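Report on the structure given below.
The values are calculated or read from the model by the stated rules, or taken from the named source; none is laboratory data. Just so we're clear, the structure is a prediction, and the values are computed from it rather than from any experiment. Please note: Cβ atoms are built from the backbone with ideal geometry, for glycine as well, and neighbour counts cover all protein chains shown.
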Amino acid sequence: MAKRIWNFNAGPATLPLAVLEQAKADLPNYNESGMAVMELSHRSKDYDAIHTRAREMFVELFEIPNNFKVLFLQGGASMQFAMVPMNLLKKSKTADYIVTGSWSKKALTEGKIIGNANVAGSSQETNFDRIPKQDELNLTSDAVYCHITSNNTIAGTQFQSFPDTGNVPIVADMSSDILSRKVNFSNVGIIYAGAQKNLGPSGLTVAIVREDLVEAGLDTIPTLLQYRTQADKDSLFNTPPTYAIYLFKLVLDWVKGLGGLDAVEKRNQEKGDLLYGLIDAMPDYYKGAVEKDSRSLMNVTFRLPTEELEAQFIKEGLAAGFGGLKGHRSVGGVRVSMYNALEPQGIKELTEFMKAFAQKNG
Ligand SMILES: *Cc1c(COP(=O)(O)O)cnc(C)c1O
(Lines give C-alpha, C1' and ligand atoms only; values in the text may rest on other atoms or scores of the structure.)
Protein backbone atom coordinates (compact mmCIF):
# COMPACT_ATOMS: atom_id res chain seq x y z
CA MET A 1 0.00 0.00 0.00
CA ALA A 2 1.48 3.31 -1.04
CA LYS A 3 -0.95 5.29 1.09
CA ARG A 4 -3.26 4.82 4.07
CA ILE A 5 -6.40 2.86 3.27
CA TRP A 6 -9.89 3.12 4.73
CA ASN A 7 -9.31 0.67 7.55
CA PHE A 8 -12.44 -1.26 8.55
CA ASN A 9 -10.57 -3.67 10.82
CA ALA A 10 -12.57 -4.86 13.85
CA GLY A 11 -9.72 -4.33 16.31
CA PRO A 12 -7.04 -3.24 16.65
CA ALA A 13 -8.67 -0.63 14.50
CA THR A 14 -8.12 2.66 12.75
CA LEU A 15 -6.89 5.61 14.81
CA PRO A 16 -7.40 9.29 13.98
CA LEU A 17 -4.66 10.46 11.64
CA ALA A 18 -4.18 13.55 13.83
CA VAL A 19 -3.33 11.26 16.74
CA LEU A 20 -0.70 9.39 14.74
CA GLU A 21 0.81 12.65 13.51
CA GLN A 22 1.00 14.04 17.05
CA ALA A 23 2.60 10.83 18.31
CA LYS A 24 5.13 11.04 15.49
CA ALA A 25 6.00 14.65 16.33
CA ASP A 26 6.36 13.80 20.03
CA LEU A 27 8.25 10.58 19.52
CA PRO A 28 11.96 11.23 20.13
CA ASN A 29 11.67 14.11 22.58
CA TYR A 30 8.36 14.48 24.42
CA ASN A 31 7.64 17.93 25.85
CA GLU A 32 11.37 18.75 25.96
CA SER A 33 11.90 15.96 28.47
CA GLY A 34 14.77 14.68 26.32
CA MET A 35 12.98 11.34 26.10
CA ALA A 36 10.19 9.52 24.34
CA VAL A 37 7.00 8.97 26.34
CA MET A 38 7.75 5.25 26.44
CA GLU A 39 11.10 6.04 28.07
CA LEU A 40 9.68 8.19 30.87
CA SER A 41 9.48 6.83 34.38
CA HIS A 42 5.88 6.14 35.31
CA ARG A 43 6.65 8.12 38.49
CA SER A 44 7.85 11.20 36.59
CA LYS A 45 6.10 14.57 36.45
CA ASP A 46 5.74 14.42 32.67
CA TYR A 47 4.11 11.01 32.77
CA ASP A 48 1.93 11.89 35.73
CA ALA A 49 0.49 14.82 33.77
CA ILE A 50 -0.46 12.49 30.90
CA HIS A 51 -1.98 9.90 33.26
CA THR A 52 -4.03 12.40 35.24
CA ARG A 53 -5.21 14.31 32.20
CA ALA A 54 -6.29 11.09 30.44
CA ARG A 55 -8.39 10.09 33.43
CA GLU A 56 -9.90 13.54 33.89
CA MET A 57 -10.73 13.99 30.23
CA PHE A 58 -12.32 10.55 30.05
CA VAL A 59 -14.53 11.37 33.05
CA GLU A 60 -15.51 14.66 31.44
CA LEU A 61 -16.16 13.38 27.91
CA PHE A 62 -17.95 10.14 28.85
CA GLU A 63 -19.84 11.97 31.63
CA ILE A 64 -18.87 9.46 34.30
CA PRO A 65 -20.57 10.20 37.66
CA ASN A 66 -18.26 10.93 40.60
CA ASN A 67 -19.12 7.74 42.49
CA PHE A 68 -17.13 5.74 39.94
CA LYS A 69 -13.42 4.96 39.76
CA VAL A 70 -11.68 4.94 36.39
CA LEU A 71 -8.98 2.26 36.29
CA PHE A 72 -6.23 1.70 33.72
CA LEU A 73 -5.62 -2.05 33.60
CA GLN A 74 -4.03 -4.67 31.38
CA GLY A 75 -5.01 -8.12 30.19
CA GLY A 76 -7.68 -6.94 27.77
CA ALA A 77 -11.44 -7.27 28.06
CA SER A 78 -10.78 -11.00 28.37
CA MET A 79 -9.12 -10.44 31.75
CA GLN A 80 -12.24 -8.57 32.88
CA PHE A 81 -14.33 -11.65 32.04
CA ALA A 82 -12.49 -13.22 34.98
CA MET A 83 -11.85 -10.21 37.22
CA VAL A 84 -15.53 -9.27 37.44
CA PRO A 85 -16.69 -12.60 38.93
CA MET A 86 -13.49 -13.01 40.96
CA ASN A 87 -14.19 -9.70 42.69
CA LEU A 88 -17.97 -9.86 42.97
CA LEU A 89 -19.39 -13.36 42.66
CA LYS A 90 -19.54 -14.66 46.21
CA LYS A 91 -20.19 -18.37 46.76
CA SER A 92 -23.82 -18.13 47.85
CA LYS A 93 -24.78 -15.66 45.11
CA THR A 94 -25.80 -15.64 41.46
CA ALA A 95 -24.66 -13.49 38.56
CA ASP A 96 -26.85 -13.05 35.48
CA TYR A 97 -25.48 -13.09 31.95
CA ILE A 98 -27.29 -11.99 28.81
CA VAL A 99 -25.65 -13.93 26.02
CA THR A 100 -25.62 -12.11 22.69
CA GLY A 101 -22.52 -13.41 20.96
CA SER A 102 -19.11 -15.03 21.18
CA TRP A 103 -17.73 -12.47 23.63
CA SER A 104 -20.64 -12.86 26.05
CA LYS A 105 -20.16 -16.61 25.89
CA LYS A 106 -16.55 -16.20 26.88
CA ALA A 107 -17.55 -13.93 29.76
CA LEU A 108 -20.10 -16.54 30.87
CA THR A 109 -17.48 -19.29 30.75
CA GLU A 110 -15.28 -17.37 33.20
CA GLY A 111 -18.26 -16.60 35.43
CA LYS A 112 -19.06 -20.32 35.62
CA ILE A 113 -15.50 -21.13 36.66
CA ILE A 114 -15.89 -18.81 39.63
CA GLY A 115 -19.46 -19.40 40.74
CA ASN A 116 -23.13 -19.53 39.90
CA ALA A 117 -23.54 -17.84 36.53
CA ASN A 118 -27.08 -17.87 35.17
CA VAL A 119 -28.08 -17.28 31.54
CA ALA A 120 -30.80 -14.65 31.90
CA GLY A 121 -31.34 -14.25 28.17
CA SER A 122 -29.79 -15.44 24.93
CA SER A 123 -30.10 -15.09 21.18
CA GLN A 124 -27.92 -18.08 20.41
CA GLU A 125 -30.85 -20.01 18.93
CA THR A 126 -31.03 -17.59 16.02
CA ASN A 127 -27.25 -17.34 15.70
CA PHE A 128 -27.03 -14.07 17.63
CA ASP A 129 -28.92 -12.05 15.02
CA ARG A 130 -30.65 -9.90 17.63
CA ILE A 131 -30.67 -8.50 21.17
CA PRO A 132 -33.24 -10.25 23.43
CA LYS A 133 -36.16 -8.03 24.39
CA GLN A 134 -36.78 -6.92 27.95
CA ASP A 135 -39.80 -9.26 28.39
CA GLU A 136 -37.75 -12.29 27.31
CA LEU A 137 -35.27 -11.88 30.15
CA ASN A 138 -35.28 -14.18 33.17
CA LEU A 139 -33.54 -11.93 35.62
CA THR A 140 -32.50 -12.99 39.10
CA SER A 141 -33.86 -10.36 41.48
CA ASP A 142 -30.93 -10.58 43.92
CA ALA A 143 -28.14 -11.21 41.41
CA VAL A 144 -24.83 -9.57 42.28
CA TYR A 145 -24.68 -8.18 38.77
CA CYS A 146 -26.12 -8.64 35.29
CA HIS A 147 -23.47 -8.90 32.58
CA ILE A 148 -24.14 -7.67 29.05
CA THR A 149 -22.06 -7.16 25.93
CA SER A 150 -23.34 -3.77 24.83
CA ASN A 151 -22.06 -4.13 21.27
CA ASN A 152 -21.45 -7.47 19.61
CA THR A 153 -18.41 -6.91 17.47
CA ILE A 154 -18.68 -10.17 15.56
CA ALA A 155 -22.44 -10.50 14.97
CA GLY A 156 -23.06 -6.78 14.44
CA THR A 157 -25.76 -6.18 17.06
CA GLN A 158 -25.95 -3.54 19.78
CA PHE A 159 -28.16 -2.88 22.79
CA GLN A 160 -30.08 0.25 21.79
CA SER A 161 -30.28 1.01 25.49
CA PHE A 162 -29.28 -0.95 28.57
CA PRO A 163 -31.91 -3.38 29.92
CA ASP A 164 -33.90 -2.64 33.06
CA THR A 165 -32.38 -4.83 35.77
CA GLY A 166 -34.06 -3.20 38.76
CA ASN A 167 -31.58 -2.83 41.59
CA VAL A 168 -29.09 -5.23 40.07
CA PRO A 169 -26.01 -3.40 38.76
CA ILE A 170 -25.21 -3.85 35.10
CA VAL A 171 -21.72 -4.93 34.15
CA ALA A 172 -21.20 -3.97 30.51
CA ASP A 173 -18.45 -5.10 28.21
CA MET A 174 -18.31 -1.98 26.03
CA SER A 175 -15.09 -2.89 24.25
CA SER A 176 -16.48 -2.06 20.84
CA ASP A 177 -18.81 0.85 21.57
CA ILE A 178 -17.37 2.72 24.53
CA LEU A 179 -17.38 6.49 24.03
CA SER A 180 -19.46 6.13 20.86
CA ARG A 181 -22.67 7.38 22.48
CA LYS A 182 -24.09 8.61 25.75
CA VAL A 183 -24.64 6.02 28.47
CA ASN A 184 -27.19 6.17 31.26
CA PHE A 185 -25.09 5.32 34.31
CA SER A 186 -28.06 5.03 36.67
CA ASN A 187 -27.96 1.24 36.96
CA VAL A 188 -24.39 0.69 35.84
CA GLY A 189 -22.03 -1.12 38.21
CA ILE A 190 -19.03 -1.64 35.93
CA ILE A 191 -18.16 -0.73 32.36
CA TYR A 192 -15.00 -2.18 30.91
CA ALA A 193 -13.32 -2.12 27.52
CA GLY A 194 -10.16 -3.13 25.77
CA ALA A 195 -8.88 0.12 24.25
CA GLN A 196 -8.12 -1.17 20.77
CA LYS A 197 -11.46 -0.42 19.14
CA ASN A 198 -12.61 3.04 20.20
CA LEU A 199 -10.03 4.38 22.63
CA GLY A 200 -6.51 3.78 21.38
CA PRO A 201 -4.06 0.94 20.85
CA SER A 202 -4.14 -2.51 22.42
CA GLY A 203 -2.40 -2.99 25.76
CA LEU A 204 -4.70 -0.73 27.78
CA THR A 205 -7.95 -1.89 29.35
CA VAL A 206 -10.23 0.69 30.92
CA ALA A 207 -12.59 -0.24 33.76
CA ILE A 208 -15.13 2.14 35.27
CA VAL A 209 -16.17 0.66 38.60
CA ARG A 210 -18.79 1.99 41.02
CA GLU A 211 -17.16 2.73 44.36
CA ASP A 212 -19.39 0.46 46.43
CA LEU A 213 -18.42 -2.43 44.15
CA VAL A 214 -14.74 -1.62 44.50
CA GLU A 215 -15.24 -1.82 48.26
CA ALA A 216 -17.43 -4.94 48.15
CA GLY A 217 -14.78 -6.78 46.13
CA LEU A 218 -13.42 -9.96 47.69
CA ASP A 219 -9.97 -9.70 49.25
CA THR A 220 -9.28 -13.41 49.01
CA ILE A 221 -7.97 -13.14 45.45
CA PRO A 222 -4.48 -12.05 44.33
CA THR A 223 -3.69 -8.39 45.00
CA LEU A 224 -3.38 -7.27 41.40
CA LEU A 225 -6.75 -8.80 40.50
CA GLN A 226 -8.62 -6.79 43.14
CA TYR A 227 -10.17 -3.59 41.80
CA ARG A 228 -9.34 -1.85 45.07
CA THR A 229 -5.62 -2.26 44.45
CA GLN A 230 -5.57 -0.01 41.40
CA ALA A 231 -8.42 2.17 42.71
CA ASP A 232 -6.36 3.01 45.82
CA LYS A 233 -3.24 3.78 43.79
CA ASP A 234 -4.78 5.70 40.84
CA SER A 235 -3.79 2.78 38.58
CA LEU A 236 -0.12 3.16 39.53
CA PHE A 237 0.24 0.14 41.84
CA ASN A 238 2.64 -1.25 39.25
CA THR A 239 3.85 0.00 35.87
CA PRO A 240 0.84 0.92 33.74
CA PRO A 241 0.91 0.68 29.91
CA THR A 242 2.28 4.22 29.70
CA TYR A 243 2.51 4.61 25.95
CA ALA A 244 -0.99 3.23 25.38
CA ILE A 245 -2.34 5.67 27.99
CA TYR A 246 -0.56 8.53 26.24
CA LEU A 247 -2.20 7.54 22.92
CA PHE A 248 -5.55 7.21 24.72
CA LYS A 249 -5.11 10.78 25.91
CA LEU A 250 -4.41 11.93 22.36
CA VAL A 251 -7.59 10.17 21.20
CA LEU A 252 -9.52 12.01 23.92
CA ASP A 253 -8.03 15.34 22.76
CA TRP A 254 -9.26 14.44 19.30
CA VAL A 255 -12.78 13.57 20.57
CA LYS A 256 -12.90 16.86 22.42
CA GLY A 257 -11.82 18.68 19.27
CA LEU A 258 -14.67 17.08 17.34
CA GLY A 259 -17.12 18.57 19.86
CA GLY A 260 -17.29 15.84 22.49
CA LEU A 261 -19.69 12.94 22.87
CA ASP A 262 -22.70 14.68 21.29
CA ALA A 263 -20.73 15.31 18.11
CA VAL A 264 -19.33 11.78 18.09
CA GLU A 265 -22.79 10.27 18.57
CA LYS A 266 -24.21 12.35 15.73
CA ARG A 267 -21.32 11.45 13.45
CA ASN A 268 -21.77 7.73 14.19
CA GLN A 269 -25.50 7.96 13.51
CA GLU A 270 -24.82 9.64 10.18
CA LYS A 271 -22.39 6.92 9.16
CA GLY A 272 -24.97 4.30 10.15
CA ASP A 273 -27.76 6.01 8.25
CA LEU A 274 -25.62 6.14 5.15
CA LEU A 275 -24.50 2.50 5.18
CA TYR A 276 -27.73 0.89 6.42
CA GLY A 277 -29.60 3.19 4.05
CA LEU A 278 -27.74 1.70 1.12
CA ILE A 279 -28.23 -1.87 2.37
CA ASP A 280 -31.97 -1.27 2.75
CA ALA A 281 -32.17 0.32 -0.70
CA MET A 282 -30.67 -2.79 -2.35
CA PRO A 283 -32.29 -5.64 -0.38
CA ASP A 284 -31.97 -8.14 -3.23
CA TYR A 285 -28.22 -7.70 -3.31
CA TYR A 286 -27.09 -6.71 0.19
CA LYS A 287 -28.80 -8.52 3.07
CA GLY A 288 -28.29 -7.18 6.55
CA ALA A 289 -27.22 -10.09 8.76
CA VAL A 290 -29.14 -9.02 11.88
CA GLU A 291 -32.60 -7.80 12.88
CA LYS A 292 -33.14 -4.12 12.17
CA ASP A 293 -33.95 -3.12 15.72
CA SER A 294 -30.71 -4.67 16.97
CA ARG A 295 -28.35 -3.13 14.43
CA SER A 296 -24.95 -1.93 15.56
CA LEU A 297 -23.58 1.48 14.63
CA MET A 298 -20.06 0.16 15.12
CA ASN A 299 -19.95 -3.15 13.23
CA VAL A 300 -22.21 -3.53 10.21
CA THR A 301 -22.62 -7.10 8.97
CA PHE A 302 -24.22 -8.13 5.69
CA ARG A 303 -24.26 -10.84 3.04
CA LEU A 304 -24.10 -10.81 -0.75
CA PRO A 305 -26.05 -13.22 -2.98
CA THR A 306 -23.26 -15.85 -2.98
CA GLU A 307 -20.05 -16.61 -1.10
CA GLU A 308 -18.14 -16.24 -4.36
CA LEU A 309 -19.43 -12.69 -4.74
CA GLU A 310 -18.49 -11.98 -1.13
CA ALA A 311 -14.92 -13.10 -1.76
CA GLN A 312 -14.78 -10.99 -4.91
CA PHE A 313 -16.23 -8.00 -3.05
CA ILE A 314 -13.58 -8.23 -0.34
CA LYS A 315 -10.77 -8.64 -2.87
CA GLU A 316 -11.87 -5.81 -5.16
CA GLY A 317 -12.62 -3.67 -2.12
CA LEU A 318 -9.05 -4.00 -0.91
CA ALA A 319 -7.69 -3.12 -4.36
CA ALA A 320 -9.92 -0.02 -4.30
CA GLY A 321 -8.54 1.05 -0.90
CA PHE A 322 -11.05 -0.50 1.55
CA GLY A 323 -9.35 -2.87 4.02
CA GLY A 324 -10.60 -5.24 6.70
CA LEU A 325 -14.01 -6.03 5.18
CA LYS A 326 -14.00 -9.78 5.72
CA GLY A 327 -16.58 -10.97 8.22
CA HIS A 328 -15.38 -12.88 11.27
CA ARG A 329 -14.58 -16.49 10.38
CA SER A 330 -17.41 -17.71 12.63
CA VAL A 331 -20.12 -15.89 10.63
CA GLY A 332 -18.72 -15.16 7.16
CA GLY A 333 -20.03 -12.42 4.90
CA VAL A 334 -18.87 -8.83 5.10
CA ARG A 335 -18.25 -6.74 8.21
CA VAL A 336 -17.68 -3.00 8.15
CA SER A 337 -16.24 -1.84 11.46
CA MET A 338 -16.69 1.90 11.70
CA TYR A 339 -15.56 3.03 15.12
CA ASN A 340 -15.36 6.67 16.17
CA ALA A 341 -12.12 7.28 14.30
CA LEU A 342 -13.43 6.06 10.94
CA GLU A 343 -14.11 9.21 8.92
CA PRO A 344 -17.62 9.58 7.39
CA GLN A 345 -15.90 10.11 4.05
CA GLY A 346 -14.76 6.47 4.21
CA ILE A 347 -18.38 5.30 4.47
CA LYS A 348 -19.44 7.63 1.67
CA GLU A 349 -16.79 6.18 -0.62
CA LEU A 350 -17.60 2.62 0.48
CA THR A 351 -21.30 3.03 -0.35
CA GLU A 352 -20.36 4.31 -3.81
CA PHE A 353 -18.15 1.28 -4.28
CA MET A 354 -21.01 -0.99 -3.11
CA LYS A 355 -23.46 0.56 -5.58
CA ALA A 356 -21.04 0.17 -8.47
CA PHE A 357 -20.16 -3.40 -7.43
CA ALA A 358 -23.82 -4.45 -7.34
CA GLN A 359 -24.50 -2.92 -10.75
CA LYS A 360 -21.48 -4.61 -12.29
CA ASN A 361 -22.16 -8.00 -10.73
CA GLY A 362 -25.97 -7.96 -10.46
C1 LIG B 1 -12.47 -7.27 21.11
C2 LIG B 1 -13.45 -7.63 22.15
C3 LIG B 1 -13.11 -8.38 23.28
C4 LIG B 1 -11.73 -8.95 23.48
O5 LIG B 1 -10.87 -7.99 23.90
P6 LIG B 1 -9.36 -8.34 24.35
O7 LIG B 1 -8.88 -6.98 24.74
O8 LIG B 1 -8.67 -8.92 23.16
O9 LIG B 1 -9.42 -9.29 25.47
C10 LIG B 1 -14.07 -8.61 24.23
N11 LIG B 1 -15.31 -8.14 24.09
C12 LIG B 1 -15.69 -7.43 23.00
C13 LIG B 1 -17.09 -6.94 22.89
C14 LIG B 1 -14.78 -7.15 22.01
O15 LIG B 1 -15.14 -6.44 20.93
Taking first residues from the range 160-181 that are at positive phi and second residues anywhere that are of a type in the set (Val, Ile, Thr), the pairs with Cβ under 9 Å that are 6 or more apart or on different chains are Leu179/Val251; Leu179/Val255; Leu179/Val264
Just one listed residue, out of Ser41, Ser102, is over 21 Å from Thr165 (Cα atoms) and free of Cβ contacts under 8 Å to residues at least 24 places away in the same chain, and it is Ser41
In the range 1-30, anything more than 16 Å from the ligand (Cβ to nearest atom), under 11 Å from Ala341 (Cα atoms), in contact (Cβ under 8 Å) with a residue 40 or more places away in the chain and not aromatic (Phe, Trp, Tyr) is listed as Pro16, Ala18, Val19
When you check Val119 against the structure, is it touching a residue at least 24 places away in the same chain (Cβ under 8 Å) and among the β-branched types (Val, Ile, Thr), yes or no?
no
By residue number, the members of the range 210-220 that are in a loop (DSSP other than H, G, I, E, B) and either in contact (Cβ under 8 Å) with a residue 60 or more places away in the chain or closer than 14 Å to Ile170 by Cα (or both) are Gly217, Leu218
Being more than 16 Å from the ligand (Cβ to nearest atom), closer than 25 Å to Gln160 by Cβ and either within 17 Å of the chain's Cα centre (by Cα) or in the same structural domain as Glu343 (by TED's automatic domain parsing) (or both) narrows Lys197, Lys266, Lys249 down to just Lys266
Ala207 passes all but one of the listed conditions (1) closer than 25 Å to Asn152 by Cα; (2) away from the ligand (no atom under 15 Å from the Cβ); the exception is number (2)
